[in-house]
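Quick notes on the structure that follows.
All of the numbers you see were taken from the coordinates with simple rules; none came from a lab. Just so it is clear, the model here is predicted, and its values are computed rather than measured. A quick note on method: Cβ atoms are made from the backbone with ideal geometry, for glycine too, and the neighbour counts reach across all protein chains shown.
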């Protein structure tokens, strides 16, 4: 199984959620790796994904084939550094990862439409890889609008929404964070809707596992 993990914005917890998912797969003894096509400013996210990959971590350059030193959107960083993101290199690295690992979780950068260049966005990369999309949401006031806009944009690209994960980035709860799930389930009816409370350190793999290329229930006793 391969997934593209996007967010309704930046700093919503994509790496945190991806790391929890990778750890869940590792506890099941399943071959899994994280893939960060583009990183800007630092490679901490990619390093975390590599460390959580199982059974052996891939090299940082395979996990993160394109790195810009400037902490900006990829298009802006590429303009500052007078270079361009190497899309063929990203696709080549992803192909190698897909050959080596049964599960590959591709973490985008920022939100769905973050531009990589003037005519190519993160959404285009997801479409080129033809992956189902998992949406990570900062569960707060305003999340419903951001999630619906993101979901509609994903559907407009002809891609499948694998699920929505509501990430509670703080301990504080209010009416919005409590009710958002029910509203989004009613409006979007995603295949998966999951809450991750602030401070969560472990989750179960929420999707069917792949065995002999067929979806099967995961063996929770291994977790």
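What is the stretch 143-206's relative contact order, in percent, from Cα pairs under 8 angstrom and six or more apart in sequence?
Relative contact order here is 41 percent.
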Q. Going by a ≥ b ≥ c, the root eigenvalues of the Cα gyration tensor, does the stretch 71-223 fall in the rounded group (a/c under 1.5), the prolate group (a/b larger than b/c) or the oblate group?
A. oblate
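Suppose a student asked you for the relative contact order of the chain, using Cα pairs under 8 Å spaced at least 6 residues apart; what percent would you report?
24 percent
Return the FRET efficiency for the residue pair residue 59, residue 176: r is the Cβ-Cβ distance, R0 is 45 Å, and the value is rounded to the nearest 0.05. If you can, show how the numbers build up before the last one.
Numbers: r = 42 Å, r/R0 = 0.93.
The formula returns an efficiency of 0.60 here.
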Q. To the nearest 0.05, what FRET efficiency results for residue 141 and residue 197 with a Förster distance of 30 Å applied to their C-beta separation?
A. 0.95
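For a protection proxy built on the mean count of beta-carbon atoms within 10 angstrom, sort 69-78, 178-187 highest first, please.
On the way: 69-78: 17.2, 178-187: 13.7.
The packing order, highest mean first, is 69-78, 178-187.
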Q: Let me have the relative contact order for the stretch 46-120, percent, based on Cα pairs under 8 Å that are six or more residues apart.
A: 29 percent
(Q) Once R0 is set to 25 Å, what does the formula 1/(1 + (r/R0)^6) return for the Cβ-Cβ distance between residue 120 and residue 70, expressed as a FRET efficiency to the nearest 0.05? (A) 0.85
Q) Taking the Cα centre of each part, how many Å lie between the stretch 43-64 and the stretch 116-182? A) 24 Å
